[in-house]
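Encoded as structure tokens, the structure appears first; notes follow it.
A short reminder: the numbers here are calculations on the coordinates, not readings from a lab. Keep in mind it's a predicted model, so treat the numbers as computed, not measured. Cβ atoms come from the backbone with ideal geometry, glycine included; neighbour counts cover every protein chain shown.
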Amino acid sequence: MGLIRYLEKAFSMIPVIENPRILDLGCGTGVPTLWIANNYQGSITAIDPDRHAIDRLLSKINDRNLSDRVTALNISFSGFRASPGYFDIIVAEGFLNVVGFEATFPDVIGLLRKNGYCIIHDAFEDHEKKCDFIRTNDCRIVNTLLLDENVWWNDYYRQLEAEIKPIENASLRELFSSDIKEIETYRLSPAEFRSVYYIVEKL
């Protein structure tokens, strides 16, 4: 989907780090993970509690011969163990929106080295409050990147709808029922779908 270019733009806002150790939180089936692997050297650890999603990512990793650089783990963040300050870059694509921003952000930052970077994609709701919270946790906001409702329509939902619309088989169409419902929700309240990238440096 077209939204990956905004992750690319967020990455362009941090300095180049040679052979970084990268953590991808809530990686799902690995669209961001694989983009990172294709564009950055270093090692990537990708975690997600969804077994099916991790199995799909593992298949992609094997198909692309990336198993020497990308490790995919079927585990929740609460069960994940790593040394404090181990990672150079942490990516959280929607992860904090699911588990709770204020409840989990300090633990995420704890895994980041001093002067390391965290790229967070989150709902725009409570934006100023989140900015203040980030700053009170020994971090600075390098930049933010807003994805408004027009971005979500043009670069995601319109494309998704175009893929689903031609499907006539009822049982196959049922597989996309949650996507269809999400598109309907977007049409009712598009402004609620605004999101933002926070590009954060740990001080």
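Remarks
- Two-decimal ratio, region 1-133, of alpha-carbon radius of gyration to 2.2 N^0.38 Å: 1.00
- Under the combined filter of DSSP loop state and at most 13 neighbouring Cβ atoms within 10 Å, region 71-128 retains none of its chymotrypsin sites (Phe, Trp or Tyr not before Pro).
- Computed [θ] at 222 nm, helices only, for the chain once each DSSP H run of length n ≥ 4 contributes -39500 (n - 2.57): -11000 deg cm²/dmol
- Taking GluC sites (Glu not before Pro) as exposed when their DSSP state is a loop state and no more than 12 other Cβ atoms lie within 10 Å, the longest site-free interval of the chain runs over 19-167.
- Amide hydrogen proximity for Ala46: with H placed 1.01 Å from N in the peptide plane, the residues at 5 or more positions away or on another chain lying under 5 Å are Asp24, Thr71, Ala72, Leu73.
- Think of region 140-203 as a dipole: +1 on every Lys or Arg Cβ, -1 on every Asp or Glu Cβ, centred on the Cα centre; then among Trp153, Val200, Ser177, Val200 lies furthest on the positive end.
- Listed residue (Leu7, Thr144, Ala46) projecting farthest to the positive dipole end of the chain, Cβ model: Ala46
- Mean silhouette area of region 76-168, derived from the convex hull of its C-alpha atoms and averaged over all directions, reads 8.0 nm².
- Computed about the Cα centre, the dipole magnitude for the chain is approximately 560 debye when only Lys and Arg (+1) and Asp and Glu (-1) carry charge, each at its Cβ.
- Hits among aspartates and glutamates - C-alpha to C-alpha of Lys165 under 18 Å, sequence gap 8 or more where chains match: Asp155, Glu174, Asp179, Glu182, Glu184
- For region 1-105, trypsin sites (Lys or Arg not before Pro) are listed when DSSP marks them as loop and at most 11 other Cβ atoms sit within 10 Å of their Cβ; the list is Arg81.
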